[in-house]
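Here is the structure we will look at.
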Amino acid sequence: MGDRGFLSPVGRALRRGWRFLVRTDVAAVVIVVVLLLAALGSLFPHPSPTIAADAERLARWQAEAHERFGGLTGLAIQSGVYRYLGLALFVVPLALLAVVTLACILDRWPRVWRRVVHRPVRWAGEVLTGAQHAASLSAPPSTPLAELVRRSLEARGFAVRSEVDGSDVFLRADRHWLAPLATLVSHLAVPLLLVGVLLSGQYGWREVLTIGPDETTPVGHGTGLTVATDGFAISRYPDGSVSSYDAEITVIAGGDRRAGGIVRVNEPVVHSGVGFHLQGYGETADGHSITILAVHDPGFGLVVVAGFLLLLGVTVTFNFPRCCVRARVGADGTLQLAGHGERQAYDFEREFAGLVKEIAEAGDCKSPVHRDGDIEVGT
């Protein structure tokens, strides 16, 4: 009894908390807060992670920022606003948005999954009365209405299933029946994107390396990596102007293991999670020096995956909306049709009316009635 008395209030509190998290208005408020904080953060200057990690360079940056932005810069620096992406003021709402979005996915998943998996063929009369679009037709008993309906639906890209119940034949036609899962994919992309942004902001860094001929330069940031140049080549146009250039680099890890390759503009070399991008070159007395941008971005992969999932989900949702048509053919030549289309199926009303007309003409039906919403119209 003691355990039940303790667990019951806890269980109710957890349920209330869960229902609060999955509310649409809560998600909307969190999104607005994150957007406002992001807009506020854009008003303040921010040093790069490389500058922030170097005390001497950070001091120079702060002095330059004070000259450029005026007296309030000192207050901003003292309050830590210039490290805005790392402040709890920004990180906590961002993490909360990820949690709320994930909770919405988990809350919606069972319902959406049931819609996708549970697709019964047989149906009762209330399906007809509650349908977005409905029609009733009557044809001579010898008319093969079930086959006419199947052919018309398959010609429109529907997958048709049928079942027989006594003297009645039931048909169910679905088009893009997996499309509802796309909304879950889009929602899943949001927390992945937020986690990727947080990883990049907290643990990502960039370092500009200038390497002369036959020189080695440490990458720093605790990587234990050193970069050396083994060659540099310039390609030129017939008029002598530069068309492209590339450098051969070696990345030394632990003093013994060596790896590297040819690095070109927009073609980096990646080693131990660090990408080495060729930024430029310069003339020296001994040849050419090169400028390499070393980048470590642990959230990049998640951001790319999230972007792909978001694009996939939105594309499927708006271009492949789910539509369903259900039919019941009686032995006396009666046909009942019920149709439903998702919000994005803007042309489904006209398509359903065309389906009814096509079946009525092919089956020589008498006085068909097409109901759109609460309006009944003879066709």
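The values are calculated or read from the model by the stated rules, or taken from the named source; none is laboratory data. Remember, it's a predicted structure, so these values are computed and weren't measured experimentally. As a convention, Cβ positions derive from the backbone with ideal geometry for all residues, glycine included, and neighbour counts pool all protein chains shown.
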> Of all residues in the range 164-217, which are of a type in the set (D, E, K, R), in contact with a helix residue (DSSP H, G or I) (Cβ under 9 Å, 6 or more places away or on another chain) and closer than 30 Å to Val149 by Cα?
Replying inline: Arg175
>> For the range 316-332, which positions are small (Gly, Ala, Ser) and either more than 15 Å from Asp165 (Cα to Cα) or part of a strand (DSSP E or B) (or both)?
In response: Ala327
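Do we find a residue being of a type in the set (A, V, I, L, M), assigned to a strand (DSSP E or B) and under 23 Å from Tyr203 (Cβ atoms) anywhere in the range 243-251?
Taking every residue of the range 243-251 in turn, at least one turns out to be of a type in the set (A, V, I, L, M), assigned to a strand (DSSP E or B) and under 23 Å from Tyr203 (Cβ atoms).
Which one of these is outside any strand (DSSP E or B), not polar (S, T, N, Q) and not assigned by TED's automatic domain parsing to the domain that holds Cys365: Leu148, Leu184, Leu128, Leu153?
Numbers: Leu148 fails: not assigned by TED's automatic domain parsing to the domain that holds Cys365; Leu128 fails: not assigned by TED's automatic domain parsing to the domain that holds Cys365; Leu153 fails: not assigned by TED's automatic domain parsing to the domain that holds Cys365.
It is Leu184.
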>> For Ala228, only one of the following conditions fails: (1) more than 23 Å from Gly260 (Cβ to Cβ); (2) in contact (Cβ under 8 Å) with a residue 24 or more places away in the chain; (3) among the small types (Gly, Ala, Ser). What is its number?
In response: (1)
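Mind checking whether some residue in the range 317-325 is in contact with a Pro (Cβ under 7 Å, 6 or more places away or on another chain) and either farther than 30 Å from Thr250 by Cβ or polar (S, T, N, Q) (or both)?
Our first condition is that a residue be in contact with a Pro (Cβ under 7 Å, 6 or more places away or on another chain); within the range 317-325, this holds for 322.
Keeping just the survivors that are either farther than 30 Å from Thr250 by Cβ or polar (S, T, N, Q) (or both) gives 322.
Yes, some residue in the range 317-325 is in contact with a Pro (Cβ under 7 Å, 6 or more places away or on another chain) and either farther than 30 Å from Thr250 by Cβ or polar (S, T, N, Q) (or both).
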>> Restricting to the range 158-183, name every residue that is crowded, with 18+ Cβ neighbours inside 10 Å and more than 33 Å from the chain's Cα centre (by Cα).
In response: Val169, Phe170, Leu171
> All but one of (1) hydrophobic (A, V, I, L, M, F, W, C); (2) over 15 Å from Arg326 (Cα atoms); (3) surrounded by fewer than 17 Cβ atoms within 10 Å (Cβ to Cβ) hold for Val100; which doesn't?
Replying inline: (3)
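Table: residues versus (1) assigned to a strand (DSSP E or B); (2) at negative phi; (3) acidic (Asp, Glu).
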{"site": "Thr223", "(1), (2), (3)": "no, yes, no"}
{"site": "Val227", "(1), (2), (3)": "yes, yes, no"}
{"site": "Ser235", "(1), (2), (3)": "yes, yes, no"}
{"site": "Asp239", "(1), (2), (3)": "no, yes, yes"}
{"site": "Val263", "(1), (2), (3)": "yes, yes, no"}
{"site": "Ile290", "(1), (2), (3)": "yes, yes, no"}
{"site": "Gly301", "(1), (2), (3)": "no, yes, no"}
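Is it the case that some residue within the range 245-254 is surrounded by fewer than 14 Cβ atoms within 10 Å (Cβ to Cβ) and either assigned by TED's automatic domain parsing to the domain that holds Glu342 or more than 30 Å from Gln344 (Cβ to Cβ) (or both)? Step through it out loud before you land on a result.
Start the filter on the range 245-254 by keeping residues that are surrounded by fewer than 14 Cβ atoms within 10 Å (Cβ to Cβ), which leaves 254.
From what's left, either assigned by TED's automatic domain parsing to the domain that holds Glu342 or more than 30 Å from Gln344 (Cβ to Cβ) (or both): 254.
Yes, the range 245-254 has at least one match.
When the residues of the range 269-287 are filtered to those that are within 38 Å of the chain's Cα centre (by Cα) and free of Cβ contacts under 8 Å to residues at least 24 places away in the same chain, which remaining residue is surrounded by the most Cβ atoms within 10 Å (Cβ to Cβ)? Spell out the reasoning first.
Narrowing the range 269-287 to residues within 38 Å of the chain's Cα centre (by Cα): 269-280.
From what is left, the residues that are free of Cβ contacts under 8 Å to residues at least 24 places away in the same chain are 269-270, 275, 277, 280.
Working: Val269: 22, Val270: 13, Gly275: 17, His277: 19, Gly280: 13.
So, considering only residues that are within 38 Å of the chain's Cα centre (by Cα) and free of Cβ contacts under 8 Å to residues at least 24 places away in the same chain, the one surrounded by the most Cβ atoms within 10 Å (Cβ to Cβ) is Val269.
When only residues in the range 341-368 that are part of a strand (DSSP E or B) and touching a helix residue (DSSP H, G or I) at 6+ places or on another chain (Cβ under 8 Å) count, which is modelled with the highest pLDDT? Full working, then the answer.
Within the range 341-368, the first condition is being part of a strand (DSSP E or B), and the residues that meet it are 341, 366-368.
The next check asks that each one be touching a helix residue (DSSP H, G or I) at 6+ places or on another chain (Cβ under 8 Å); those that pass are 341, 368.
Working: Gly341: 90, Pro368: 52.
It comes out as Gly341.
Test Ser244 against the stated conditions and say whether it is touching a residue at least 24 places away in the same chain (Cβ under 8 Å) and of a type in the set (S, T, N, Q). First the steps, then the outcome.
On the way: touching a residue at least 24 places away in the same chain (Cβ under 8 Å): no; of a type in the set (S, T, N, Q): yes.
Here the answer is no, as Ser244 does not meet what is asked.
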> In the range 120-150, what residues are under 36 Å from the mean Cα position of the chain (by Cα) and loosely packed, with under 13 Cβ neighbours inside 10 Å?
Replying inline: Pro120, Gly130
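With respect to Thr229, determine if the residue is over 30 Å from His340 (Cβ atoms), surrounded by 13 or more Cβ atoms within 10 Å (Cβ to Cβ) and modelled with pLDDT of 85 or more. Explain how you work it out, then say what you get.
Details: over 30 Å from His340 (Cβ atoms): yes; surrounded by 13 or more Cβ atoms within 10 Å (Cβ to Cβ): yes; modelled with pLDDT of 85 or more: no.
Here the answer is no, as Thr229 does not meet what is asked.
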